[in-house]
Amino acid sequence: MSGSRNLTFWTGFAVVVAALAVAPPLLPPFWERFVTEILIWGLLAMSSDILIGYTGMVSFGHSAFLGLGMYGTAAALLLLPPNLWLAMSFGLVGAAAVAIFVAYFATRLRDIYFAITTLVFSQIFYVIIFTWTEVTGGENGLTFRQPPLSIPFLFETRFSRETLHWFVLAVVVLSYLVLRRVTQSPFGKVLQAIRENEPRTRAIGYHVERYKMVAVMLSGLFAGLAGSLYAIQNKFVAPDFVFFLISGEVVIFNVMGGMGTLVGPVAGAAFFWLMREAFSRFLTEYYLIPVGLIFTAMVIFLPQGLLGFLRRRLNE
Amino acid sequence: MVIPWELLVIQLLNGVIIGMILALVASGLTLIFGIMDVVNFAHGELYMLGAYMGTTVMLTTGNFWLALGGSALTIAALGAVVQVTALRPLLGRDPLTTILATFGISLVLQNYALWQYGPVARKIDEPFTGQFALFHLQFPWYRVVIALLSAAIILALWLFMKYGKYGIWIRATTQDRVMAAAMGIPVPLVYTMVFAIGSAMAAASGVLYAPLVGINHAMGLDVILRAFIVVVVGGMGNLAGSVLAAIFISLLEALASLWVSPAQAVIVSFIVLILTLLIRPTGLFVPTPK
Amino acid sequence: MLTLENVHTFYGKSHILHGVSVEVGPGEVVGLLGRNGVGKSTTLKTIMGLVRPSQGRVVFEGRDIGGWAPHRLAHLGIAYVPEDRRIFRLLTVYENLRTGLDRGGITEQRKTELLEKVYENFPVLRERRNQAGGTLSGGEQQMLAIARAMMLEPKIILLDEPTEGLMPRMVTQIRHIVDVLHREGVAILLVEQNVPMTLEVSRRVYIMEKGQVRHHAPAEALREDQTMIHQYLGV
């Protein structure tokens, strides 16, 4: 990458992060919460992009990672002393456990088989969570107290709307930088080679299965992180988040924003939630009718997503 | 826990009946996949809309059989529209894009149903209420009829594919799309026809099954998942395999629900899928290629 | 009847046909010779609508058919026998033939006649009519591919290397069927590597090189003076 492009990127990055940091406290509370939530969904979308966009494995089961991240965090907050970092690590452990399970199978399945299998996997977790009422609260989910914002041995304070937003922003931006680094590393290049031509990548001598497993683990961990943040923000978890429709929404984020760009899926998530907000003003819960139509049209006419479309427009 | 053997027999019978309904849904799905390489995520919604359409016809005519036929025809037309508008432009692209497009359509159809019919579950009355004695309880004849009708529809599909003019068109197109076109077979029309037939089968199973359960806008979600499992376990695109897999899985679930709640019994089918993918990813009920 | 005027064709970015012009009159047998990879098969595919010409015209009976869907061309009376035969392997011989018979405006009686005619010319197909196409030998598959094309009652048949890889006995039989078709007034555009046979059955011959027609002469002239054949085909 040339120096000037690098400079443009970091300038753009700084501007966006600054805007996201400054703007929300100026917004009305509803929209502030909205932006925070979009950041969390954006993180989830980014995590799935590692699989969908970079490795070419369409996961229809990201709700399982998200959900286990949520329930792991919930467990820590219900059973242990309220500590933010402990709660988040529990969420990560939960997501990692699912990810290992899925990764094991991911190595043997391709294309639609992978899509269907991840879908079925997420449903296994959904059924378990939905029916194991004594532990998970079943259909009603679980509610708990928000842990205080803390830096060990330094300070501890209750989350305000602003600090929560900044905390989420910090986690999401850090995750973005890590994931960006990963996708630009040799490891990320191998993932993209697998997407382009799996047999050839194998023939060159790469252990494709191992790379895929790591990709699933990575993707699952960051999805779990998103789940953990969501649980902390909303102070409750419910099986609805594990249901496969959420996985479908994650795929929608990717397609709408533009797969394989990391930023694209985040934009896709924002676009989806804005549309949802706009349409539900006059269509209430039927907002998915226009959203579904727009999504289908984008699959057909804009396979590169909004970002790819804009990029082509700008280059012309 | 000791299970009385009468209960066992009844559960097995129920398993076969549910299995036949599932086979009917899955046949449509596997037909569409085998011929067009399309994974139809909206299949469950066509099943659900089929059931709703059945209630509409039932309300106006009061005749169950008219409801069955009318719903199948309407949903076939809907399927044709979906194929022409959303899937025809995707021809030749990665099959994964068809999952995405049909997923979008499933969202639209599901919420359309919610909008049109509301959240309260509806019901279709059984066309007849006769029962026969099975051990200590009365078993409704209608359930037996469902299984027989499903089998008859699947058999009719098989005969159509084997001997019908369009059946030969469809099989020729499956094997070599380009050569079929060169032989004067209107390939785009064949694809639309296949999708319409698959949709009609989904609708028919929706109407047949409706008297046993309430109809609601989310019923397609549960069915599509099972149908996917059946189709993978039976071997993608393999009609006979799907039928066997549907019965096999439903029997297992029926037996499992002797011990656990039906909601948990679903996990049995998940486990069958995972084992299939581990042991024989091409499908349990596919003959080993020579 | 069939005219190609300055046709250019691309596969992705590679330019295959560089302005090919070919003409076939009604009932005429025309040969298309050339080495491997000079664009002979692509010429046939372009006529059949399997590849879109980027430039130039394909005219059949006065209509510009460039870009038409293959199935419409089949209904117009153009039949195609591809190089790799492409029979429907899982369909029986009879079902393979039916793919060309089940079309609008044909009576049951006519269908029977067409079938009988083919079975007469290729008795082995009658014997194997209930066998899957994939189980036939290479020569039998070639016969089936031609027979299948005949079911369309075409005005012209595009034959792509029908004798490739066949035993001499089979070659004779293919030759025989070309004669039969010719007698019935069906035009044939024959792509071949088998030079002697092509010169025997054709009236005129085009020789292609590097995506262009380099030479065009009556078959008789080429039979007598083989310099052109040597120059372009190196035989």
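The values are calculated or read from the model by the stated rules, or taken from the named source; none is laboratory data. Bear in mind that the values here come from a model prediction, so they are computed numbers and not experimental data. Note that each Cβ is placed from the backbone with ideal geometry, even for glycine, and that neighbours are counted across all protein chains shown.
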What's the number of the only condition in (1) out of contact with any Leu (no Cβ under 8 Å at 6 or more places or on another chain); (2) hydroxyl-bearing (Ser, Thr, Tyr); (3) in a helix (DSSP H, G or I) that residue A:163 fails to meet? (1)
Is it fair to say residue A:176 is of a type in the set (Phe, Trp, Tyr), surrounded by 24 or more Cβ atoms within 10 Å (Cβ to Cβ) and assigned to a helix (DSSP H, G or I)? no
Are any residues in the stretch A:130-158 more than 14 Å from every other protein chain (Cβ to nearest Cβ), crowded, with 18+ Cβ neighbours inside 10 Å and of a type outside the set (Gly, Ala, Ser), and if so, which ones? A:142, A:144, A:147
If we take the stretch A:1-105, then helices (runs of 4 or more DSSP H) inside it with 1 or more residues that are among the aliphatic types (A, V, I, L, M), without any contact (Cβ under 8 Å) to a residue 60 or more places away in the chain and in contact with a Phe, Trp or Tyr (Cβ under 7 Å, 6 or more places away or on another chain) are A:62-79
Any chance the stretch A:223-231 includes a residue that's more than 13 Å from residue A:46 (Cα to Cα), within 12 Å of chain B (Cβ to nearest Cβ) and surrounded by 24 or more Cβ atoms within 10 Å (Cβ to Cβ)? no
When you check residue B:168 against the structure, is it within 10 Å of another protein chain (Cβ to nearest Cβ), under 30 Å from residue C:103 (Cα atoms) and modelled with pLDDT of 90 or more, yes or no? yes
Kindly check whether there is at least one residue in the stretch B:174-184 that is within 24 Å of residue B:52 (Cβ to Cβ) and either modelled with pLDDT under 90 or among the polar types (S, T, N, Q) (or both). no
Check every one of the helices (runs of 4 or more DSSP H) wholly within the stretch B:173-284 and list those with 1 or more residues that are at the interface with another protein chain (Cβ under 10 Å from one of its Cβ atoms). B:177-182, B:187-209, B:219-234, B:262-279
If I ask for residues that are within 8 Å of chain B (Cβ to nearest Cβ) and among the aliphatic types (A, V, I, L, M), which ones from the stretch C:88-109 would you list? C:90, C:91
Mind checking which helices (runs of 4 or more DSSP H) fall wholly inside the stretch B:1-89 and carry at least 2 residues that are at pLDDT below 90 and aromatic (Phe, Trp, Tyr)? B:5-36
Verdict on residue B:116 being more than 21 Å from residue B:149 (Cβ to Cβ), within 13 Å of chain A (Cβ to nearest Cβ), of a type in the set (S, T, N, Q) and buried (at least 22 other Cβ atoms within 10 Å of the Cβ): no
Looking at the stretch A:148-187 only, could you name the residues that are hydroxyl-bearing (Ser, Thr, Tyr) and within 28 Å of residue A:34 (Cα to Cα)? A:150, A:157, A:160, A:163, A:175, A:176
Can you name every one of the helices (runs of 4 or more DSSP H) wholly within the stretch A:250-316 that holds 2 or more residues which are modelled with pLDDT of 85 or more? A:263-283, A:288-301
Considering only residues of the stretch A:186-221 that are in a helix (DSSP H, G or I) and of a type in the set (Ser, Thr, Tyr), which is modelled with the highest pLDDT? A:219
